[in-house]
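> Sending over a structure as structure tokens; questions will come in a sec.
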Amino acid sequence: MTFVITTPLYYVNDKPHLGSVYTTIICDSIARYKRLAGEDVIFITGVDEHGLKIQRTANEKGIEPKSHCDEISEVFNNNWKDWNISFDKFIRTSSKNHEFVVNEFYERVKASDDIYMGVQKGWYCVGCEEFKDNPENSSTYKCPIHQKNLEWKNEENLFFRLSKYQKEIEKIINEPSFIEPIERKNEIINFVSRGLKDFSISRTNVTWGIPVPGYDNHTFYVWFDALLGYVSAISSDATEHSLEKSINGGWPADVHLIGKDILRFHAVYWPAMLISAKMKVPKKVFGHGFLTREGQKMGKSLGNVLDPDLLLTKYGNDPVRWYLIKDISLGNDGDFQDKRFVDIINNDLANTIGNLLNRTSSKNYIYNFDNYKLDLAANEVLSLAINTNLYLNDNQPWLLIKDKDNVPLVKQIIYNVLESTRIIGLLLIPLLPELSTKINEQLGSIYTEEIPWKQQLSWGLLVSNSSLPKPTPIINKLEYEQHL
Ligand code: MSP
């Protein structure tokens, strides 16, 4: 079975920030889990390169948009490798194949009689690349996300007949698992109940975009173009009939994991575009929360942006992953606190899992992972580790061994502890790939690709009386410093 999971395609106006690292780590963990569960995973990430925002960023730097995009796309690609992200596809929306897909898709939408020429007037946020629903005092109103004034636009654009799909969209968004978590679903249901309006899919003042065939000075609206990146990524190696190849190559996506700010595009506009093109809609759109830092919104003006590169070099991949996965319940907003980060890593990883080195948890873990409750899955591993520690302390094999008659009992206790450790190592593979590798190595390579991962979670598979490699410390404690 193919399982297609996507991160948002990130704007290349700047290098990755902690928010993009967060989404990508969550997707990576789910992708690793699904692979272990035996699914054929296509994990898609990539970059959203067109549009006014990127055009302006390049202009400000005094370079061509293309060279700006080449540079930043490379930064993203390398960055994900540094974070050990197991992505299968990295899509650039400025690639040739992507352009083919956009054109083929546009032809299908046109054939459904869903495109017409109209006049687009409204207040636009360049940061969001989105028209806002007439906020009061629009000329002084600042977009709450970007803290920038909106711009007035009045131009002839091509429109997509979104209103035609009101009924279908209502049905889709009400399906039980299409939008998660539930609070997000209600926001979208409210929005759709106010009545869907057609939206413009071309721009006349943006040169950095895919040209609309037949309309000289029009380029596709960046969101119309970018959403299709999820489709074109699947056939990224194709040279022709790309859309068809994507459809046969694994479409639809099983889950689009995105931030809550871009839910409308994914849960409303995107399914309607797909229905119009006679394609399947994604199975799920999961809108995660926003990260703040020490309780405050992160922003350049506040000077409190936490550079993920710094976190990676200072603490390494696994501690950051553990904090983001385990401390934030997926779907809720989360706060990055330096002190809490250090405490959690020291408690969870160094004291509990780390010191251990040396059963029903697996069931709960699988249930939670399948339901996108990654923090609860992480907690299951932790409680297995805590229980194993308690078991070891309660039984005190180091005292028991003083009496020769206890040897079989001591053997059994040590076996149980090692067996728990083996299972902890297996459960950690999708969450903390590096730490789990170390645990696995210390137990003499306990994970094998030949046997399905879930089967390896059964109790009792560790071979008795086998010898262990020389122990080495698996995790170092962190030092808390006031400023990262
Ligand atoms: N290019 C569009 C997505 C197109 S998908 C076809 C875009 N890009 S983005 O780079 O601005 O944002 C990418 C993701 O980062 C969004 O899901 C957004 O919600 C997320 N985040 C931005 N700031 C964030 C935090 N502070 N915390 C968590 N996620 C945040 O939107």
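> Can you divide the C-alpha Rg of the range 190-337 by 2.2 N^0.38 Å and report the result to two decimal places?
Normalised Rg, Cα atoms only: 1.31.
> What number, in percent, do you get for the relative contact order of the range 156-288 if the mean sequence gap of Cα pairs under 8 Å and at least 6 apart is divided by its residue count?
28
> Enumerate cysteines in the chain without a disulfide-compatible partner, where compatibility requires another Cys Cβ under 4.7 angstrom.
Here Cys27, Cys69 come out as lacking a disulfide-compatible partner, given the Cβ-Cβ threshold of under 4.7 Å.
> Same structure again: Mind checking which lysines have their Cα closer than 18 Å to the Cα of Lys297? Skip sequence neighbours fewer than 8 apart in that chain.
Lys297 reaches Lys142, Lys148, Lys260, Lys339.
> Let me know the shape class of the chain, please: from the alpha-carbon gyration tensor, a ≥ b ≥ c as square roots of the eigenvalues, rounded when a/c is under 1.5, otherwise prolate if a/b is greater than b/c, or oblate.
Prolate, since a/c reaches 1.5 and a/b exceeds b/c.
> Around Glu130, which amide H atoms from residues at least 5 apart in sequence, or from another chain, sit under 5 Å from its own amide H, with H modelled in the peptide plane?
Sorted by chain and number, the residues that satisfy this are Cys125.
> To continue, here is another question. For a quick check: with amide H placed at 1.01 Å from N, whose amide H comes under 5 Å from Val41's, ignoring anything fewer than 5 positions away on the same chain?
When sequence neighbours closer than 5 places are left aside, the close amide H contacts are Phe3.
> Can you spot the lysines whose alpha carbon is less than 25 Å from Lys245's alpha carbon? Ignore those fewer than 8 places along the same chain.
Lys34, Lys89, Lys96, Lys110, Lys278, Lys280, Lys283, Lys284
> Using only Cα atoms, locate the centre of the range 405-481 and the centre of the range 360-389, then give the distance between them in Å, rounded to an integer.
Spelled out, the Cα-based centre of one part sits 16 Å from the other.
> Let me ask another. About its Cα centre, what dipole magnitude does the chain give when the only charges are +1 on Lys and Arg Cβ and -1 on Asp and Glu Cβ, stated in debye to the nearest 20?
660
> So what does Arg161 come to for accessible area, using a 1.4 Å probe and Å² rounded to 10?
Roll a 1.4 Å probe over it and Arg161 shows about 70 Å².
> How do Ser467, Ser242 stack up against each other in accessible area, from largest to smallest, with a 1.4 angstrom probe?
Largest accessible area first, the residues go Ser467, Ser242.
> When ligands, DNA and RNA are left out and all protein chains stay put, how many square angstrom of accessible area per residue does the chain have with a 1.4 Å probe? Write down the numbers at each step before the final one.
Details: 21660 Å² over 484 residues.
Per residue, the chain has an accessible area of 45 Å².
> So, one more: For the chain, with the dipole built from +1 on Lys and Arg beta-carbon atoms and -1 on Asp and Glu ones, taken about the Cα centre, which of Ile63, Gly118, Asn205 lies farthest toward the positive end?
Ranked along the dipole, the leading option is Gly118.
> Please list, in order along the range 362-375, the HN-Hα scalar couplings obtained from phi with the Karplus expression 6.51 cos²θ - 1.76 cosθ + 1.60 (θ = phi - 60°), rounded to whole Hz, x for Gly and Pro.
Calculated HN-Hα couplings, in order: 4, 5, 5, 4, 5, 4, 5, 4, 4, 9, 6, 9, 5, 5 Hz.
> May I pose another question? How high is the relative contact order of the range 1-137, given as a whole-number percent (alpha carbon pairs under 8 Å, six or more residues apart)?
Reported relative contact order: 26 percent.
> Taking only C-alpha pairs under 8 Å that are 6+ residues apart, what is the relative contact order of the range 373-460 in percent?
Reported relative contact order: 25 percent.
> Sticking with this one: Enumerate the amide H contacts of Asn332 below 5 Å, restricted to partners 5 or more residues apart or on another chain; note that Pro and chain-start residues carry no placed amide H.
Gly289
> Suppose accessible area is computed on protein heavy atoms with a 1.4 Å probe; arrange Glu136, Glu180 from highest to lowest.
Numbers: Glu136 160, Glu180 50 Å².
Per-residue accessible area, sorted high to low, gives Glu136, Glu180.
> Accessible area of Lys245, 1.4 Å probe, to the nearest 10 Å²?
100
> Ranked from the most accessible area to the least, with a 1.4 Å probe and all protein chains present, what is the order of Met298, Met273, Met1, Met117? List each step's numbers first, then the result.
Values: Met298 40, Met273 0, Met1 170, Met117 75 Å².
Ranked list, largest accessible area first: Met1, Met117, Met298, Met273.
> Another question about this same structure. Carbon-plus-sulfur fraction of the accessible area of the range 263-370, 1.4 Å probe, in percent? Present the calculation step by step, with values, prior to reporting the outcome.
On the way: 2050 of 4190 Å².
C and S atoms contribute 49 percent here.
> Next question. So what are the ³J(HN,Hα) numbers for the range 449-454, from phi and the Karplus equation (6.51, -1.76, 1.60; θ = phi - 60°), rounded to whole Hz, Gly and Pro as x?
Ordered by residue, 3J(HN,Hα) equals 6, 6, 9, x, 3, 4 Hz.
> Then there is this: Rounded if a/c is under 1.5, else prolate if a/b beats b/c, else oblate: with a ≥ b ≥ c from the C-alpha gyration tensor eigenvalues square-rooted, which is the range 269-368?
Oblate is the answer for the range 269-368, as a/c is 1.5 or above yet b/c matches or exceeds a/b.
> If you plug each phi of the range 155-165 into the Karplus form 6.51 cos²θ - 1.76 cosθ + 1.60 with θ = phi - 60°, what whole-Hz ³J(HN,Hα) values come out, in order, with x for Gly and Pro?
8, 7, 10, 7, 10, 10, 6, 5, 4, 4, 9
> Roughly how large, in nm² to one decimal, is the mean projection of the convex hull of the alpha-carbon atoms in the range 1-153?
Convex hull of Cα atoms, orientation-averaged projection: 11.9 nm².
> Between Asn84 and Asn186, what length comes free when the chain is fully extended (0.36 nm per residue of separation minus the Cα-Cα distance, one decimal in nm)?
33.2 nm
> How big is the antiparallel share of DSSP beta bridges in the chain, given as a percent to the nearest 5?
The answer is about 45 percent antiparallel.
The values are calculated or read from the model by the stated rules, or taken from the named source; none is laboratory data. Here the structure is a predicted model, which means the values were calculated and not measured. All Cβ positions, even for glycine, are placed from backbone atoms using ideal geometry, and neighbour counts span all protein chains on display. Calculation scope for accessible area: heavy atoms of the full protein, side chains included, ligands and nucleic acids excluded. Shrake-Rupley method; radii C 1.70, N 1.55, O 1.52, S 1.80 Å.
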